[in-house]
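First comes the structure, then the notes that go with it.
Values in this text are rule-based calculations from the coordinates and carry no lab data. The shown structure was predicted, so the numbers you read here are calculated from the model rather than taken from an experiment. Neighbour counts run over all protein chains shown; Cβ positions are idealised from the backbone, glycine included.
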There are 2 protein chains.
Amino acid sequence: MAKPLNAQQTKPRILDAAEGLFAEHGFAATSLRDITKEAAVNLAAVNYHFGSKTALLSAVFERRISPINEERLRLLTELEKSASGQPLDLHGVLRAFLLPPFLKMQEWGESGRKFMQLVGRTHSVEASEQMHEAFFKHFEEIIVRFTHAFENILPELPKQNLHLRLQFVVGAMAHTLVWSQKLDQLSKADPNHPISTFEELLQFVAAGMGAKHPPHTLEDIR
Amino acid sequence: MAKPLNAQQTKPRILDAAEGLFAEHGFAATSLRDITKEAAVNLAAVNYHFGSKTALLSAVFERRISPINEERLRLLTELEKSASGQPLDLHGVLRAFLLPPFLKMQEWGESGRKFMQLVGRTHSVEASEQMHEAFFKHFEEIIVRFTHAFENILPELPKQNLHLRLQFVVGAMAHTLVWSQKLDQLSKADPNHPISTFEELLQFVAAGMGAKHPPHTLEDIR
DNA sequence: GTCTATATGCGGATAGAC
DNA sequence: GTCTATCCGCATATAGAC
């Protein structure tokens, strides 16, 4: 009960440090020296345990993305079961997609917050093309399953419009995750009326996804 | 009519090259060697003309952000004038905010597309804290004027919720600008039914901003 | 204003002792 | 598995000739 200070192994220490520094300063701007110093391990440990800086970044993604996407699919499957053939609910499916990252972020505390920042950054084209592959391969099943669900919920919306709108959802979500700390401060600005960033986002994108089609034309707006 | 090849000066060549490379690979991952090679100028030219790599990035921002935000304010002022005291229209104000970056992007062609990618990247925390200041100082007046306009349009929505929703708008916009090339391909996937990415975005965020408040509770959704 | 040459330091990665 | 020492290339930045 008195020596767990050094009990933490080298690998997770490196992962934690890398996660935080990549999130704060970006992949290219973070050196292995920064990481090993922060993790209080030897410089050579990164290459010994992970092989290279790029492989380390992959490992950072691996650790967090899988549980999030598994939870998304679990929630979606649950919805499909309890609907038993009936069309799904727009709010519900959006919630299945959006809730897991917010939940896991809370569950993981500060480390989770940093990771989400890194994810948001990656959405905006950080890192090389190879990194993008390593990142997006984790989302293939998610994209297929959720797109299909939304197509069934909104059969009248042309697919192109639907797919665009899903991109807007992703954009709003990514931005919210990146700035979650500041936005949460905003949510609590009035202590008599604390609101949930997540719930507000869900409300917003549900309205956006359900916006009636076709939209106003330029003429209507002027 | 036969020698304009070398007529272009060094400074704009550097700006163009830097804009493109910062957008594609990020600030930290782009070296002055990459830039001067792409611009076909001497390595020392950057430091001679701009002083440093960071100052060059500032200059890249300077050149493009000002015209966009001036146009935003011009459109908003125009709306206020023609409304002559009446409350403004939600669609109209959102359009005044969102249209200028899309218009300028088109106007500037490939260079504009790259710049918008860079802006989207910066929204997601690229670069250092100093760079952020240099970036966001261009938006102070925009934030004040537009926030005020939205508060008047949606007086029943608590300010915290309103401010959060504006962040969602910014997130969807930034993501759309970053991925504009791919999303435009999506918009034209069906040649019989080409749609406008911008109009679809406007429709989406207008519905989101106008979503009724208070939202469903967690209980309603389950 | 533009060039070459170079100062100076940091980057990822590794060899080899322990 | 962990350490020190080091390779070697590339980074930004500058000095000084033209």
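With every atom except the alpha carbons ignored, what do you get for Rg and Dmax of the stretch A:50-107, in angstroms?
Final numbers for Rg and Dmax: 15.3, 50 Å.
Using helices alone, what [θ] at 222 nm do you get for chain B, with -39,500 (n - 2.57) per DSSP H run of 4 or more residues, divided over all residues and rounded to the nearest 500? Don't jump to the answer; show the numbers that get you there.
Working: 11 runs with 162 residues, N = 222.
When only DSSP H runs of four or more count, the value is -24000 deg cm²/dmol.
How tilted is helix B:10-25 with respect to the longest principal axis of chain B? Cα atoms for both, answer in degrees (0 to 90, nearest 10).
Taking Cα atoms only, the helix is inclined about 60 degrees.
Pairwise over distinct Cα atoms, reciprocal of the mean inverse distance: report the Kirkwood radius of the protein assembly as shown in Å, one decimal place.
Numbers: mean 1/r = 0.0425 Å⁻¹.
The Cα-based Kirkwood calculation yields 23.6 Å.
How far is A:LYS37 from itself in the other copies, in nm, if each label sits 7 Å out from Cα along the Cα-Cβ line, shortest first?
Label point to label point, same position, other copies: 2.9 nm.
Taking chain B as the reference, fit the longest principal axis to its C-alpha atoms, fit the long axis of helix B:159-178 to the helix C-alpha atoms, and give the angle between the two in degrees, 0 to 90, nearest 10.
40 degrees
Peptide A:158-166: average number of partner chain Cβ atoms within 10 Å per residue?
Details: counts 4, 4, 11, 8, 1, 5, 13, 6, 0.
Across A:158-166, the average partner-chain Cβ count within 10 Å equals 6.
What is the angle, in °, between the Cα long axis of helix A:197-209 and the longest principal axis of the Cα atoms in chain A? Nearest 10 is fine, range 0 to 90.
40 degrees
At a Förster radius of 51 Å, what calculated FRET efficiency corresponds to the Cβ-Cβ distance of A:ALA55 and A:ALA83, to the nearest 0.05? Mind showing how you got there, number by number?
Numbers: r = 42 Å, r/R0 = 0.82.
Calculated value: 0.75.
Okay, which of the stretch B:66-80 sit inside 19 Å, backbone N to the point 7 Å along the Cα-Cβ direction of A:LYS182?
B:66, B:69
Could you give the nm distance between label points at B:GLU151 and A:ASN192, where each point is 7 Å from its Cα heading toward the beta carbon?
1.7 nm
I need the peptides A:64-77, B:180-193 ranked by packing, meaning the mean over residues of other C-beta atoms within 10 angstrom, with the highest value on top.
A:64-77, B:180-193
Could you sort B:38-46, A:80-88 so that the peptide with the highest average Cβ count within 10 Å comes first and the rest follow in order? Walk me through the intermediate numbers first.
Numbers: B:38-46: 15.7, A:80-88: 10.6.
With the highest mean Cβ count within 10 Å placed first, the list reads B:38-46, A:80-88.
How far apart, in nm, are two points set 7 Å out from the Cα along the Cα-to-Cβ line at A:GLU24 and at B:GLU71?
For A:GLU24 paired with B:GLU71, the spin-label model returns 3.8 nm.
From the convex hull of the Cα coordinates of chain A, what is the mean projected area in square nanometres?
17.4 nm²
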